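Visitor: This is the structure I want to talk about, given as structure tokens.
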Amino acid sequence: MRKKQFKTESKKLLDMMINSIYTHKEIFLRELISNASDALDKLYFRSLTDSTVSLGRSDYSISIAADKTARTLTITDNGCGMSADELENNLGTIAKSGSFDFKRENDQGEDVDVIGQFGVGFYSAFMVAERITVRTRVYGSDLACMWESEGADGYTVSSCEKPTFGTEITLYLKADTEEEKYSDFLDEYRLRGLVKKYSDYIRYPIKMAVTKSRKKEDSEEYESYTEIETLNSMVPLWKRPQSEVTEEEYNSFYTEKFFDYQPPAKVITQKSEGTATFTALLFIPSHAPFNYYTKDYERGLELYSSGVMIMERCADLLPDYFSFVRGLVDSADLSLNISREMLQHDRQLKVIAKAIEKKIKSELEKMMANEREKYEKLFDAFGMQLKYGIYTDYGMHKDTLQDLLLFKSSGEKKYVSLKEYVDSMSSEQSAIYYAAGESIEKIEMLPQVESMKKRGIEVLYLTDDVDEFALKMLGKYADREFKNVTAEAAADISEDERKRLDEENRAAEDLFKAMKDAVSEVSAIRFTSSLTSHAVCLTSEGELSVEMEKVLKKMPGADGELPKASVALEINVDHPIKEKLLTLYKNDPEMLKKYARILYSEACLISGLSLENPAELCELISELLVK
Ligand code: ADP
């Protein structure tokens, strides 16, 4: 029998498959099952109009049989089958799938991941098989044909015996090597797992003889026997109406699929028809996976095309700031054979992603309003990601995210949203005040916070590194600016108060000049009326606060040339220290310098800054103690 050559393009692809080092060789099974399912569809549709096809829906099935001795894996269907011509056309030439066109365009580039997460159909079987036979008979025909190939050097088509209609594909598995144990694909457990993973929702039963054991009658011994089992559940959970699915079903689906030991905090279902037709089943985990805040975490949703999984992690379906969401999307609009690279430019996918983002946002907002405690727990786990979302991309997503934020505040030390803060502030208050620090305890020690609290003004407490940067990116909320209480501390004081302060400051100009000679670290020294009990504080002067400077210093790669916060030393105008300083200025300029150093150190410490020279402070204090 004359061997026929594959068409050139098919040959190239075939070569790729045969020599594939692709790690997901297992997808070949998904491809063959999906072809079988298509063949069943075809015969089923024919049966709707052709009265000679006397089959009911339940007569169709796919079966898998592994023969360990012969090292063969056989996939059988009772679908439409192929005629000799069809065999020639379908398996002699690769179907003109999008992925192959794509490969051609990129030929000069590196070995593009065409095999990737996306199937290239039948040929993928050559990743695991050294020889393949296809025996097939069209429904209603007496003739059966066999296609046979050992890969690159061509194929033969001949007639054969086949008592039943449909197609039977037998893979003669490659010999095991160090790297690859092809015989794994004969393992019942493995096969069952692969069907569950990729083809669970194929609408026809996928059957396999499964080995079981039972106790022998009248004996303590066990015997093994085989039983035909259906491996797939056939109806996707997400295709069932939400009202019919129990919470347990959703929960166990989630925990099994996403390997989480805790049920999700929220299940979201979405069905859309219109510009994009899709069903989404999304889960918000109740805690962050251990690797969530590392680069190892892979975001993305599973992507299905009409019940067949085409990608395990489609990152393009989720924005970074919602990367904690798990789940899947099923859309009939996407083709099975689309490559990952093409998918990135797929308009349909973008429409779906946008719709999903909107849905997640509205569900989170609803949760914040109606299930506050749950939302706060969620925010503890993923709030950081939302705040990063505001900060990155130049604040492009702030409208999406700002109402999902929560901050602890001086009010009841509970979480408040920005909206809640603004709604409860008095009409005279012009800005949204915040203070930043390592912990709530440390923030509460800030003199400026103390005085704000005395004046009945709520202060947001920022304890995450990213917080202040995120607020700077927001700039304003509901037309109110964000103000750090350690900057512009004197804001919001009355006209009279301002006048008195200006006068006091003018009168003490020479004193401040003398002190500044000793404290070159600060850009200015002045009185303030916004402190209550404390004698001094540091006030940021520019855009960069003391807290932000600390964060920048901590960042990896930070060295010498970092921007520094410009700070002023402010002295409580109503504190007895004022008189003491004025007296020293007149009588003991040397001692004034020492006082200035001590007060500056004190202000640093209370702002949570470490002292560059702690020994200096200790010496000064000891000196004064023995006086
Ligand atoms: P695709 O499925 O993307 O068309 P394949 O290379 O997987 O590409 O298959 C090529 C063609 O071979 C299919 O379009 C189908 O017509 C035919 N085919 C493959 N498997 C079967 C089968 N089990 N029964 C009937 N026809 C099949």
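The values are calculated or read from the model by the stated rules, or taken from the named source; none is laboratory data. On a predicted model such as this, the values are computed, not experimentally measured, just so you know. Backbone-built Cβ (ideal geometry, glycine too); neighbour counts: all protein chains shown. Calculation scope for accessible area: heavy atoms of the full protein, side chains included, ligands and nucleic acids excluded. Shrake-Rupley method; radii C 1.70, N 1.55, O 1.52, S 1.80 Å.
Visitor: Between rounded, prolate and oblate, where does the stretch 406-492 land on the alpha carbon gyration tensor, with a ≥ b ≥ c its root eigenvalues, rounded for a/c under 1.5, else prolate if a/b exceeds b/c?
Guide: Taking the square roots of the gyration eigenvalues as a ≥ b ≥ c, the stretch 406-492 is rounded.
Visitor: Quick one: which residues, 5 or more positions from TYR434 or on another chain, have an amide H under 5 Å from its amide H? H modelled 1.01 Å from N in the peptide plane, none for Pro or chain starts.
Guide: Counting only residues 5 or more places away or on other chains, the set is LEU460, LYS483, ASN484, VAL485.
Visitor: Another question, then. Of PRO289, SER533, LEU446, which is farthest towards the positive pole of the chain's charge dipole, taken about the Cα centre with +1 and -1 on the beta-carbons of Lys, Arg and Asp, Glu respectively?
Guide: The residue sitting farthest along the positive end of the dipole is PRO289.
Visitor: Now for a different question. How large, in percent, is the carbon and sulfur part of the accessible surface of the stretch 141-267 at a probe radius of 1.4 Å?
Guide: Carbon and sulfur: 48 percent of the exposed surface of the stretch 141-267.
Visitor: While we're here: What share of the DSSP beta bridges in the stretch 309-465 is antiparallel, in percent to the nearest 5?
Guide: 50 percent
Visitor: Per residue of the stretch 461-477, what does 6.51 cos²θ - 1.76 cosθ + 1.60 with θ = phi - 60° give for ³J(HN,Hα)? Whole Hz please, x for Gly and Pro, Karplus curve as stated.
Guide: 9, 9, 10, 8, 3, 6, 3, 5, 5, 5, 5, 4, 5, 5, x, 9, 9
Visitor: Moving on to the next point. Send over the per residue convex hull volume for the chain, Cα only, as a whole number of Å³.
Guide: About 250 Å³ per residue, rounded to a whole number.
Visitor: Sticking with this one: Using a 7 Å offset from Cα along Cα-Cβ at LYS3, what residues in the stretch 156-188 end up with backbone N under 20 Å from the label point?
Guide: 156-159, 170-175
Visitor: Note down the net charge around PHE165, summing +1 for each Lys or Arg and -1 for each Asp or Glu among other residues with Cβ under 14 Å from its Cβ.
Guide: Once positives and negatives cancel, what remains is -2.
Visitor: A further question follows. Compute, for the stretch 491-627, the length of the dipole vector about the Cα centre, with Cβ point charges of +1 (Lys, Arg) and -1 (Asp, Glu) only. Units Debye, rounded to 20.
Guide: That gives a dipole near 260 debye.
Visitor: So if each residue of separation counts as 0.36 nm, and I subtract the Cα-Cα distance between ILE621 and THR49, what length gain in nm does that give?
Guide: This chain segment gains 195.9 nm when fully extended.
Visitor: Considering only Cα-Cα distances, which of the following residue pairs are longer than 18 Å: LYS25/LYS239; LYS68/LYS257; LYS513/LYS593?
Guide: Listed pairs above 18 Å: LYS25/LYS239; LYS68/LYS257.
Visitor: To continue, here is another question. Using amide H atoms built in the peptide plane, which far-off residues or other-chain residues are under 5 Å from PHE283 H to H?
Guide: Those qualifying (amide H under 5 Å, at least 5 residues apart or on another chain) are ILE268, ARG326, GLY327.
Visitor: Using alpha carbon centroids, what distance separates the stretch 216-256 and the stretch 402-437, in Å?
Guide: Value for the Cα centre distance between the two parts: 50 Å.
Visitor: Sum up the charges of everything whose Cβ sits under 14 Å from the Cβ of TYR293, counting Lys and Arg as +1 and Asp and Glu as -1, but leave TYR293 out.
Guide: Result for the local shell: -3.
Visitor: What is the dipole size for the stretch 334-445, taken about its Cα centre, with +1 at each Lys and Arg Cβ and -1 at each Asp and Glu Cβ, in debye to the nearest 20?
Guide: Dipole of the stretch 334-445, to the nearest 20 debye: 460 debye.
Visitor: What share of the DSSP beta bridges in the chain is antiparallel, in percent to the nearest 5?
Guide: Given both bridge residues lie in the chain, the antiparallel proportion sits at roughly 80 percent.
Visitor: With the other protein chains left in place, how much accessible area per residue, in square angstrom, belongs to the chain at a 1.4 angstrom probe?
Guide: That works out to 50 Å² for each residue.
Visitor: For every helix of n ≥ 4 consecutive DSSP H residues, a contribution of -39,500 (n - 2.57) applies; sum these over the chain, divide by its total residues, and give [θ] at 222 nm rounded to the nearest 500 deg cm²/dmol.
Guide: -11500 deg cm²/dmol
Visitor: Could you name the lysines whose alpha carbon sits less than 18 Å from that of LYS7, not counting residues in the same chain fewer than 8 places away?
Guide: LYS96, LYS103
Visitor: Of the options ILE457, TYR198, GLY140, report the single residue whose Cα projects farthest towards the positive end of the charge dipole of the chain (beta-carbon charges: Lys, Arg +1; Asp, Glu -1).
Guide: Going by the Cα projections, it comes out as GLY140.
Visitor: Something else now. Sort out for me the Cα centre separation of the stretch 53-80 from the stretch 563-584, rounded to whole Å.
Guide: If you average the Cα positions of each part, the centres end up 88 Å apart.
Visitor: Another question about this same structure. Once Rh for the stretch 219-323 is found with the Kirkwood sum over Cα pairs, what is the Stokes-Einstein diffusion coefficient at 10 °C and 1.306 mPa s, in µm²/s?
Guide: 97 µm²/s
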